[in-house]
Amino acid sequence: MIRFTMMPGEDGDCLLLEYGDDTVRRRILVDGGRAGTYPRIKPVLAETGGRIDVLVVTHVDQDHILGVLAMLKDHDKPVTFGDVWFNGYQHLLNAEAFGAADGEQLGTALVQQKLPWNAAFGGHSIEVGHPPVWFPDGSAVEVLSPDRSQLQGLIPIWAKECARHGLIPGRRPDEIPAVPGFEHFGSAVDVDQLAATVFQPDTSRTNLSSIGLLFEFAGKRIILTGDADDRRLVESLRPRAKAAGGRLHVDILKVAHHGSDHNLSKDLLDLIDCDHYLISTSGTRHAHPDEVAMARILKYGRRQKELVFNYRSRAALWDVRTLKHRFGYTVRAPADQQSDGFIRVDL
């Protein structure tokens, strides 16, 4: 059994991976979305049996971390954690001691609650070059990003970025005004022209530090990207694709940075043969996914593919018969307002 659920992270990520058999079932929770995410997912977490094997916090952006902070502040949280994967300030320095960001809330909470922190990596940073992490059930997780230079690149602006993203105790998160989304697509959309747009990579230092993982179990593969750097993902995946004959078969790609055109290139799409492309966002703040990124998936993704959205409004933009027929894809999204934000893929 492998079950991947996108949960209501608003414009961010909150993902639950469950897998195993009748005797052992493991769970990996990736990010926590916005602060408002936690009240909606708390009942779901309560149904897991009380344990999350690994909590992954990919990076410090608000739309990934605020829900985690809300969960850790809850004295009545329904789960415990076998390990927490997160690169704090000391991991940027590749050092054991805490540095200038001692007060940063997540690191403080992990220490105060005596939670295991990067235990699978010996307490060190999570970065490219570590051997894959193997679990007793045969599942494995390989680090695709970040690399050492990307972690070090965040050091000069760590304190500034922590403040800007609400990680200083007592500071309220900045609310970014909503951006009106695109309200219509159809035969008038020039997918070929959009897909041909010159790729300009993401330059955000926080996104460049995002943890990206390749999960494998029972012959299935899932790429968990956070907001990771496309170029770093390409470099990490290229040897695997070459060994597979040119393209690596992937069951699920969680599209990086909610479908930003700065985090998904033709180069990456050419390396994978993917069944399901997952878009995690409500689109309320940045109008993600970008039409250029979606056009690249349509044109350069495999011929038969599924686009999976956890918010209906984002799916509606691409649930167009002429486009689906031409580019060979189907669309899946929540059925109603009550389930909006939640969508599940079973492998």
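The values are calculated or read from the model by the stated rules, or taken from the named source; none is laboratory data. None of the values given here were measured: they were computed from a predicted structure. Virtual Cβ from ideal backbone geometry, glycine too; neighbours counted across all protein chains shown.
Okay, here's what the table says:
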item	result
Residue list for the range 38-56, restricted to those being in contact with a helix residue (DSSP H, G or I) (Cβ under 8 Å, 6 or more places away or on another chain) and in contact (Cβ under 8 Å) with a residue 60 or more places away in the chain	54
The range 23-69, subset surrounded by fewer than 20 Cβ atoms within 10 Å (Cβ to Cβ) and of a type in the set (Gly, Ala, Ser), residue nearest to the chain's Cα centre (by Cα)	36
Qualifying positions in the range 297-337 - surrounded by fewer than 17 Cβ atoms within 10 Å (Cβ to Cβ), touching a residue at least 60 places away in the same chain (Cβ under 8 Å) and closer than 12 Å to residue 279 by Cβ	313
Out of 85, 134, sole residue that is among the aromatic types (Phe, Trp, Tyr) and either modelled with pLDDT under 80 or surrounded by 14 or more Cβ atoms within 10 Å (Cβ to Cβ) (or both)	85
Filter result (without any contact (Cβ under 8 Å) to a residue 12 or more places away in the chain and of a type in the set (Asp, Glu)) within the range 186-242	190, 235
Candidate set from the range 283-293 (those that are in contact with a helix residue (DSSP H, G or I) (Cβ under 7 Å, 6 or more places away or on another chain) and in contact (Cβ under 8 Å) with a residue 60 or more places away in the chain); member that is nearest to residue 11 (Cα to Cα)	283
Matching residues, the range 1-20, being assigned to a loop (DSSP other than H, G, I, E, B) and either free of Cβ contacts under 8 Å to residues at least 40 places away in the same chain or closer than 17 Å to residue 282 by Cβ (or both)	7, 8, 9, 10, 11, 12, 13, 14
Residue in the range 1-16 that is nearest to residue 338 (Cα to Cα), counting only those that are of a type in the set (A, V, I, L, M, F, W, C) and surrounded by fewer than 24 Cβ atoms within 10 Å (Cβ to Cβ)	16
Residue in the range 305-314 that is in a strand (DSSP E or B) and over 21 Å from residue 237 (Cβ atoms) present	yes
Hey, residue 232 modelled with pLDDT of 95 or more, basic (Lys, Arg) and part of a strand (DSSP E or B) or not	no
Complete set of residues in the range 253-291 that are under 21 Å from residue 313 (Cα atoms) and in a strand (DSSP E or B)	253, 254, 276, 277, 278, 279
Hey, residue 295 under 27 Å from residue 238 (Cα atoms) and either assigned to a helix (DSSP H, G or I) or β-branched (Val, Ile, Thr) (or both) or not	yes
